[in-house]
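A.B. asks: This structure is in structure tokens; I'll ask about it shortly.
The values are calculated or read from the model by the stated rules, or taken from the named source; none is laboratory data. Keep in mind it's a predicted model, so treat the numbers as computed, not measured. So basically every Cβ, Gly included, is an ideal-geometry build from the backbone, and we count neighbours across all protein chains shown. Quick note on the areas: whole protein, heavy atoms, side chains included, nothing else; ligands and nucleic acids left out. Shrake-Rupley method; radii C 1.70, N 1.55, O 1.52, S 1.80 Å.
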Amino acid sequence: MSKIQTETQSVTYRCPSNIALVKYWGKKEGGVQLPANPSISWTLNDLFAETTVFASPKKEENQKVEFFLDGKPKPSFEPKIHTFLQRISSIVPVVSQWDLRIESKNTFPHGAGIASSAAGFGALALCLVDLEGVLQPSSPEFYQKVSICARLGSGSACRSMFEGAGIWGELNSIPGSSDEYAISFPFEIHSRLKNWKDAVLIVDDGEKKVSSTQGHDLLKTHAYANARFEQANKNLTELSEVLQNGNVERFVELVESEALQLHAMMMSSIPYYLLIRPNTLAIIEKIWAKREETQWEMAFTLDAGANVHLLYNSQQEDDVMNFINAELLPYCKNQLYLCSAIGGGPQKLN
Ligand code: PMV
């Protein structure tokens, strides 16, 4: 039972973004926002959303929802939030009795091509489940419920609840895995793959021509869909072993192959489309050449966009930063790149 509430209550959470190593691309038929294949991501601790929710008892029949980004009203986001509230209303029933004022900000520029929806819906779900007051914040049951809710906002958001790596989607080789919510990677990660970082090289900060929602949908009629889902299952089983045994060479191969497969699926759907840009390819080729020359432990990956995530072992941080500044910046829009440690997790701020 949730608490009877007569006054405005508020809570603030910080929720990190994440970058998938094995990609979620395509939804299962039936159900809401269930993945066609399992995925795993690293949590990007320094690229987060910070959200405060003010909840007060509803004054009129229609629920009032106001959304502010960086202090400015963003009515264009409100329909998405209404859909989200509708979807979670059977899980957190009390939300439909509240008027909500949601104030959010990100550490990264909105529209920089970083998965802002993962951090944003993650933070909102954390606030709402906390305000409901049924589960002890930070308990495993709390995070499970938050993960279910976050998934209903944006699939990949459900993986942002965990320190280190989050796995979403049922897979025999991963005990406790589920299509409904993500879990923390259940095994010890090898020291060679523990202290990595991500430098996100911003190639394009514009609106995507094809949204992720449209992209997922195209898998329904995609000629290679089943082969892709099977491959993702195999890749995740193997990546799980690699994270435990520290085989960095194979880690690099699996992660880069996943990134290219994601974009290959976009290029081979009907209608086909391209999200990578010439500078995306230029950066990838520079990374390959540098790795060949130096044997540094680094890999690129891509989200559904043109930006390149350069994952690297933090022991090589100085070298990698020099490399970025000397060789990759010319390909970045406005010379912009964003850095994050891997790890951390959500935080309650008040
Ligand atoms: O969470 P969505 O619906 O925005 O889908 C995101 C899918 C990818 O970012 C491309 C891959 C992933 O697993 O995060």
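A.B. asks: Filter the range 148-166 down to the residues that are under 18 Å from ASP46 (Cα atoms) and among the charged types (D, E, K, R), then identify the one that is modelled with the lowest pLDDT.
C.D. replies: GLU163
A.B. asks: Now, a different point. Checking GLN97 against (1) under 21 Å from the mean Cα position of the chain (by Cα); (2) surrounded by fewer than 17 Cβ atoms within 10 Å (Cβ to Cβ); (3) at pLDDT 95 or above, which single condition isn't satisfied?
C.D. replies: (1)
A.B. asks: Test of understanding: among THR83, THR6, which residue is among the hydroxyl-bearing types (Ser, Thr, Tyr), at negative phi and either touching a helix residue (DSSP H, G or I) at 6+ places or on another chain (Cβ under 8 Å) or touching a residue at least 24 places away in the same chain (Cβ under 8 Å) (or both)?
C.D. replies: Result of the check over THR83, THR6: THR6.
A.B. asks: Here's another thing I want to ask about it. Do we have any residue at all in the range 184-192 that's over 25 Å from MET321 (Cα atoms) and not in a loop (DSSP other than H, G, I, E, B)?
C.D. replies: Yes; the residues of the range 184-192 include at least one that is over 25 Å from MET321 (Cα atoms) and not in a loop (DSSP other than H, G, I, E, B).
A.B. asks: Checking VAL252 against (1) hydrophobic (A, V, I, L, M, F, W, C); (2) within 16 Å of SER39 (Cβ to Cβ); (3) part of a helix (DSSP H, G or I), which test does it fail?
C.D. replies: (2)
A.B. asks: With (1) more than 30 Å from LEU275 (Cα to Cα); (2) surrounded by fewer than 23 Cβ atoms within 10 Å (Cβ to Cβ); (3) within 16 Å of the ligand (Cβ to nearest atom) as the list, and SER90 as the residue in question, which single condition is left unmet?
C.D. replies: If we test SER90 against (1) more than 30 Å from LEU275 (Cα to Cα); (2) surrounded by fewer than 23 Cβ atoms within 10 Å (Cβ to Cβ); (3) within 16 Å of the ligand (Cβ to nearest atom), just (3) comes out false.
A.B. asks: Moving on. Looking only at residues that are surrounded by fewer than 23 Cβ atoms within 10 Å (Cβ to Cβ) and within 15 Å of the ligand (Cβ to nearest atom) in the range 114-136, which one is modelled with the lowest pLDDT?
C.D. replies: Checking each candidate, the answer is SER116.
A.B. asks: Among the residues of the range 207-263, which ones are free of Cβ contacts under 8 Å to residues at least 40 places away in the same chain, more than 20 Å from the chain's Cα centre (by Cα) and within 15 Å of the ligand (Cβ to nearest atom)?
C.D. replies: GLN231
A.B. asks: In the range 21-36, which residues are open to solvent by 10 Å² or more (accessible area, probe 1.4 Å) and not in a loop (DSSP other than H, G, I, E, B)?
C.D. replies: LYS27
A.B. asks: Does any residue in the range 18-35 that is within 18 Å of GLY343 (Cβ to Cβ) come within less than 8 Å, Cβ to Cβ, of a residue that is within 7 Å of the ligand (Cβ to nearest atom) and open to solvent by 10 Å² or more (accessible area, probe 1.4 Å) six or more places away or on a different chain, and which pairs are these?
C.D. replies: ASN18/ALA115; ASN18/SER156; ILE19/ALA115; ILE19/ASP303; ALA20/SER156; ALA20/ASP303
A.B. asks: Looking at (1) more than 30 Å from PRO271 (Cβ to Cβ); (2) more than 14 Å from the ligand (Cβ to nearest atom); (3) touching a residue at least 24 places away in the same chain (Cβ under 8 Å); (4) not in a helix (DSSP H, G or I), can you tell me which one ILE167 breaks?
C.D. replies: The one condition ILE167 does not meet is (2).
A.B. asks: Applying the selection to the range 37-79, what residues are surrounded by fewer than 18 Cβ atoms within 10 Å (Cβ to Cβ) and under 14 Å from the mean Cα position of the chain (by Cα)?
C.D. replies: Passing the criteria: only ASP46.
A.B. asks: Mind listing just one residue for me: the one in the range 196-206 that is away from the ligand (no atom under 16 Å from the Cβ) and open to solvent by 10 Å² or more (accessible area, probe 1.4 Å) and, of those, farthest from GLY30 (Cα to Cα)?
C.D. replies: LYS197
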